[in-house]
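Everything on this sheet refers to the single structure shown next.
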Amino acid sequence: GEDVEQSLFLSVREGDSSVINCTYTDSSSTYLYWYKQEPGAGLQLLTYIFSNMDMKQDQRLTVLLNKKDKHLSLRIADTQTGDSAIYFCAEILSGGYNKLIFGAGTRLAVHP
Amino acid sequence: GAVVSQHPSRVICKSGTSVKIECRSLDFQATTMFWYRQFPKKSLMLMATSNEGSKATYEQGVEKDKFLINHASLTLSTLTVTSAHPEDSSFYICSAHGGPGETQYFGPGTRLLVL
């Protein structure tokens, strides 16, 4: 079945890098996504990566994709207190349904 | 681009009443919209997929008569929680598929509290 797994919690010091990891199951997923959710808000699309790419960099964000291991990671450089949020990894189901399967979310806490 | 709005952002209602939540894609057309429910500190649970001009597809365990979905146009989908009960209290989030990257863009969510 479809399953996306993430660690639930990550704590980092302000200014350090954060790395959030995710594993997924559908090897046919064309895109993989990272969303950010701040308290009481909806989800904000942070970045996405096409499945034929290994890496995508967007300012402080770096996404690494290991298709063989079905492993996705999000690195946030120079983590700030404003980065504190829940980060969801998601894969899009193959088959044209446009359905996203979400992980449980990783709560990132940034402390001084 | 790719902005999705929801209205209302927060609603409190009495048990037994019905509540309608609107989801709009403001700057792109969305043939498919999705409705999710999120419990505190939990991930999103997909409730149904809404396609413009056709009946919604509900996920297993979601009562279609309780959660009525209408997708009347390419920019608007509505979710009506009928005969609401306290256990329906939750955070409801919609998303619209389309826009840059052809992915889902999420609304800000509607917090429903049923007394």
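The values are calculated or read from the model by the stated rules, or taken from the named source; none is laboratory data. Everything quoted here is computed from the prediction, not taken from an experiment. Here the Cβ is made from the backbone with ideal geometry for all residues, glycine too, and neighbour counts use every protein chain on show.
Every residue, every condition in (1) within 14 Å of chain B (Cβ to nearest Cβ); (2) out of contact with any strand residue (DSSP E or B) (no Cβ under 8 Å at 6 or more places or on another chain); (3) free of Cβ contacts under 8 Å to residues at least 40 places away in the same chain; (4) among the basic types (Lys, Arg), yes or no:
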| site | (1), (2), (3), (4) |
| --- | --- |
| A:47 | yes, no, yes, no |
| A:64 | no, no, yes, no |
| A:68 | no, yes, yes, yes |
| A:72 | no, no, no, no |
| A:86 | yes, no, no, no |
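Residues are listed down the side, and each one gets a yes or a no for (1) in contact with a Lys or Arg (Cβ under 7 Å, 6 or more places away or on another chain); (2) under 22 Å from residue B:48 (Cβ atoms); (3) among the polar types (S, T, N, Q):
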{"site": "A:11", "(1), (2), (3)": "no, no, yes"}
{"site": "A:36", "(1), (2), (3)": "no, no, no"}
{"site": "A:45", "(1), (2), (3)": "no, yes, no"}
{"site": "A:53", "(1), (2), (3)": "no, no, no"}
{"site": "A:60", "(1), (2), (3)": "no, no, no"}
{"site": "A:82", "(1), (2), (3)": "no, no, no"}
{"site": "A:91", "(1), (2), (3)": "no, yes, no"}
Has the range B:61-69 got at least one residue that is within 13 Å of chain A (Cβ to nearest Cβ), assigned to a strand (DSSP E or B) and touching a residue at least 24 places away in the same chain (Cβ under 8 Å)?
no
Index of the failed condition, residue B:50 passing every other in (1) of a type outside the set (Asp, Glu); (2) within 30 Å of residue A:49 (Cα to Cα); (3) touching an Asp or Glu at 6+ places or on another chain (Cβ under 9 Å)
(3)
I'd like the full set of residues that are among the polar types (S, T, N, Q) and either modelled with pLDDT of 95 or more or assigned to a strand (DSSP E or B) (or both), limited to the range A:1-31.
A:6, A:11, A:17, A:18, A:21, A:23
Among the residues of the range B:9-23, is there at least one that is basic (Lys, Arg) and either at pLDDT below 90 or surrounded by 16 or more Cβ atoms within 10 Å (Cβ to Cβ) (or both)?
no
Could you say which residue among A:103, A:82, A:40 is surrounded by 18 or more Cβ atoms within 10 Å (Cβ to Cβ), small (Gly, Ala, Ser) and out of contact with any Leu (no Cβ under 6 Å at 6 or more places or on another chain)?
A:103
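Matching residues to (1) more than 30 Å from residue A:9 (Cβ to Cβ); (2) touching a helix residue (DSSP H, G or I) at 6+ places or on another chain (Cβ under 6 Å); (3) touching a residue at least 12 places away in the same chain (Cβ under 8 Å); (4) within 12 Å of chain A (Cβ to nearest Cβ):
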position: B:11; (1), (2), (3), (4): yes, no, yes, no
position: B:26; (1), (2), (3), (4): yes, no, yes, no
position: B:34; (1), (2), (3), (4): no, no, yes, yes
position: B:73; (1), (2), (3), (4): yes, no, yes, no
position: B:89; (1), (2), (3), (4): no, no, yes, no
For the range B:97-112, check the following and say yes or no: at least one residue is within 14 Å of another protein chain (Cβ to nearest Cβ) and touching a helix residue (DSSP H, G or I) at 6+ places or on another chain (Cβ under 8 Å).
yes
Which of the following residues is more than 10 Å from chain B (Cβ to nearest Cβ) and more than 30 Å from residue B:6 (Cα to Cα): A:58, A:78?
A:78
Scan the range A:41-55 residue by residue and report those that are closer than 16 Å to residue A:105 by Cα and in a loop (DSSP other than H, G, I, E, B).
A:41, A:42
